[in-house]
1. Picking from W22, C144, T93, whose Cα lies most toward the positive end of the charge dipole for region 9-158 (charges on Cβ: Lys, Arg +1; Asp, Glu -1)?
2. Taking a probe of 1.4 Å, how large is the accessible area per residue of region 118-184, in Å²?
3. Give the relative contact order (percent, whole number) for the chain; include only Cα pairs under 8 Å separated by 6+ residues.
4. Kindly report the accessible area of region 4-56 per residue (heavy atoms of protein chains, probe 1.4 Å, no ligands, DNA or RNA), in Å².
5. For the chain, set up a GNM with springs between Cα atoms under 10 Å and report which of Y159, Y111, Y130 has the largest fluctuation.
6. For region 30-105, give the magnitude of the charge dipole about the Cα centre (Cβ charges: +1 Lys/Arg, -1 Asp/Glu; no others), in debye to the nearest 20.
7. Quick one: angle between helix 118-128 and the longest Cα principal axis of the chain, in degrees between 0 and 90, rounded to 10, please.
8. Give me the angle, in degrees from 0 to 90, between the Cα long axis of helix 169-195 and the longest principal axis of the Cα atoms of the chain, rounded to the nearest 10.
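The values are calculated or read from the model by the stated rules, or taken from the named source; none is laboratory data. It should be emphasised that the depicted structure is a prediction, and the values quoted were computed from it without experimental measurement. Glycine gets a Cβ as well: all are built from the backbone with ideal geometry, and neighbour counts include every protein chain shown. SASA here: full protein model, heavy atoms, side chains in, ligands and nucleic acids out. Shrake-Rupley method; radii C 1.70, N 1.55, O 1.52, S 1.80 Å.
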Amino acid sequence: MLRQVSNPELWGMYKAHQNSYWSAEEIDLHLDNFQKLPQGVRKWMTLVLSWFANADVLVMANIPNFMNDLSGSIESQAFLGFQQMIEMIHTETYQALVEKYLNETEINEAYNSLHSIPTIKAKSDWLKQYENASFKDRLVVWACCELIMFSASFCTIFYIKAHHANILPGCFQANEFISRDEALHCKFACLLSKLHGVSK
């Protein structure tokens with residue numbers, strides 16, 4: 001363990017994240033057949049992918065703020081640095097899914113969804129209003145993003161897997177990996193909240 005480490009629990013979370021590393025290239029999409037899904041399910045899934053194709057970029061943009069807030073904690077710096085990298089892998093993966101499944105018009109709509117799809121715009125606008133909030137407020141807001149906003153969409157994909165098990169094996173594998181990562185990010189935020197007295 002590094003000599004500068006003073007909180008083994010935080011450091012353990014960094015090591016857990018390090019041990020779960022994966023890359024976008026590990027996700028094999030050649031057996032995925034999006035067009036086999038029923039039309040309503042495709043529409044539902046397109047909405048989820050439109051959100052996810054942009055959401056991790058929002059998270060990444062806020063990580064430097066947390067790194068500044070926690071500049072004295074090598075454990076937090078290590079975790080957040082790794083998180084920033086893994087969020088980019090999530091973005092790569094979702095964009096690969098969008099490019100694989102959707103036509104050109106749908107692709108453009110997905111990438112513009114933060115501005116054009118009301119439900120996705122509302123999520124983005126809610127998060128952006130806290131960009132300059134206090135550390136404690138931002139910690140709660142981004143934990144809610146990764147736990148509540150993201151989990152609802154992960155559950156959509158888990159539901160589709162339960163009812164259409166063999167249609168999108170690559171997407172289903174990616175959902176397993178990404179939901180695991182985001183659960184760890186939320187646990188990290190909850191630990192920070194405890195350490196910094198956010199719940200008081």
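1. Value computed over the given set: C144.
2. 48 Å²
3. This gives 32 percent for the chain.
4. The answer is 53 Å² per residue.
5. With Cα springs under 10 Å in the chain, the top fluctuation among Y159, Y111, Y130 is at Y159.
6. 420 debye
7. Rounded to the nearest ten degrees, it is 10.
8. Orientation of helix 169-195: about 20 degrees from the principal axis.
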